[in-house]
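Here is the structure we will look at.
The values are calculated or read from the model by the stated rules, or taken from the named source; none is laboratory data. Every value quoted in this text rests on a predicted model; they were computed, and no experiment measured them. In case anyone asks, the SASA skips ligands and DNA or RNA and just uses the protein heavy atoms, side chains included. Shrake-Rupley method; radii C 1.70, N 1.55, O 1.52, S 1.80 Å.
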Amino acid sequence: MIEITSVSLNQGVVNILAIDVSEENLQRLERTRDDGFEQEVEFVFDTHQKEHFLYLNRWLRKQKATKGCSTWGEALHSILGTITTISAKYRNWE
């Protein structure tokens, strides 16, 4: 589970930054008392690649926050603060 903190779109590449709010991560933070160091994760979608575009499009349509949005910009803006899951396939591991 992640909580989306920011979204950017640059020349067809969508970057989604989020905080890991999975139960495992929250338990680790509690055990280590590591209060200020939440694990930030990034997901990257190159919408010029058909597979990335189709996954992102399906994922956005499934989000409750995007209901009624008529443009990509509206949909991407509406997911800020959402707690959700995204396939680890699109996670930037660098």
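Would you pick out the residues in the stretch 7-62 that are open to solvent by less than 50 Å² (accessible area, probe 1.4 Å), at pLDDT below 95 and β-branched (Val, Ile, Thr)?
Selection gives ILE19, VAL21, VAL41.
Filter the stretch 42-83 down to the residues that are aromatic (Phe, Trp, Tyr) and in a strand (DSSP E or B) and list them by number.
Looking only at the stretch 42-83, we keep the residues that are aromatic (Phe, Trp, Tyr), and these are 43, 45, 53, 55, 59, 72.
Hits for the stretch 42-83 are PHE43, PHE45.
Please work out which one of (1) part of a helix (DSSP H, G or I); (2) within 15 Å of GLU42 (Cα to Cα); (3) open to solvent by less than 30 Å² (accessible area, probe 1.4 Å) is the condition ILE86 fails and give its number.
(1)
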